[in-house]
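Worksheet for the structure shown next.
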Amino acid sequence: MGVDGRRDDAFRVARGGGLLKRLARLAGRALGLALVVSVGCHRSESTPSDGRAPVPAGSVASRVPADSRDATPPDSGWKTGRVELPPSGPGSVRVTEISRGAHPGFDRVTWRFEAGRPGVRVEWLDAPPRACGSGRPVRLPGAAGLEVRLSPAAAHDETGAPSVPDPPDAPPGSALRDLVRTCDFEGVVTWVVGADSKAPFRVAVADDPPRIAVDVRRAEP
């Protein structure tokens with residue numbers, strides 16, 4: 001007997017009912033198959049319940065970034081106010097690399113880490129940046145400064161030597177100026193990005209390898 005008893009029952013009816021019953025059974029199966037195909041086609045073209053446009057079968061729902069080494073923002077929303085994201089886990093992490101890139105419509109600065117991601121807070125400053133230890137003003141090119149605060153994190157090794165080289169110069173076409181480190185003390189590392197204006201920005205994170213990217217929108221010519 002089958003799992004629900006239906007296969008054996010149908011088989012016995014087919015054997016004991018003669019040719020007419022067998023033909024009727026085959027006709028019923030053909031009708032059922034046609035109904036399944038019809039319903040399946042209707043569902044594949046219907047609009048989802050959340051109001052979005054239907055997605056054709058075989059289409060790709062998400063896009064792969066052009067540069068797979070860069071972090072990808074969880075959404076495309078641009079902001080001008082403070083953005084904060086939590087760390088990927090407990091414990092301090094070490095900054096190992098900073099890279100810069102000019103992309104169509106925005107500039108990107110990426111911080112890479114040895115293991116895990118620190119928490120990050122990004123915001124435009126209302127006053128000139130200051131060094132966290134001495135409190136002295138820090139000279140920054142540009143009319144605006146975008147502060148990127150990483151915590152818990154360090155930009156030095158056990159001997160106190162820097163763990164990350166100086167940031168590279170701005171690539172051709174970038175609207176951002178120099179990056180200035182203003183703090184590396186007691187688990188807090190801060191860089192300030194010089195810019196001509198307080199443009200919208202967004203923050204992205206990734207875990208393989210661990211990195212944080214800050215995109216700043218560039219004014220269209």
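The values are calculated or read from the model by the stated rules, or taken from the named source; none is laboratory data. Nothing here was measured: the structure is a model prediction, and the numbers come from that model. We place every Cβ from the backbone using ideal geometry, glycine too, and count neighbours over all the protein chains shown.
Candidates are the residues of the stretch 64-101 that are among the aliphatic types (A, V, I, L, M) and surrounded by fewer than 17 Cβ atoms within 10 Å (Cβ to Cβ); the one that is modelled with the lowest pLDDT is VAL64. Residues in the stretch 140-188 that are assigned to a strand (DSSP E or B) and more than 15 Å from VAL214 (Cβ to Cβ): SER151, ALA154, HIS156, PRO162, THR182, CYS183, ASP184, PHE185, VAL188.
For the stretch 114-121, does any single residue satisfy the condition of being more than 23 Å from SER163 (Cβ to Cβ) and either part of a strand (DSSP E or B) or modelled with pLDDT of 95 or more (or both)? Within the stretch 114-121, not a single residue is more than 23 Å from SER163 (Cβ to Cβ) and either part of a strand (DSSP E or B) or modelled with pLDDT of 95 or more (or both). The single condition among (1) closer than 15 Å to PHE113 by Cα; (2) surrounded by 19 or more Cβ atoms within 10 Å (Cβ to Cβ) that ALA199 does not meet is (1).
Counting only residues that are charged (D, E, K, R) and in contact (Cβ under 8 Å) with a residue 60 or more places away in the chain, the stretch 183-214 holds 4 of them. The residue that is surrounded by the most Cβ atoms within 10 Å (Cβ to Cβ), counting only those in the stretch 169-187 that are within 19 Å of GLU97 (Cβ to Cβ) and within 24 Å of the chain's Cα centre (by Cα), is LEU176. Entry remark, the stretch 122-131: residues being surrounded by fewer than 17 Cβ atoms within 10 Å (Cβ to Cβ) and not aliphatic (A, V, I, L, M) number 3 in total.
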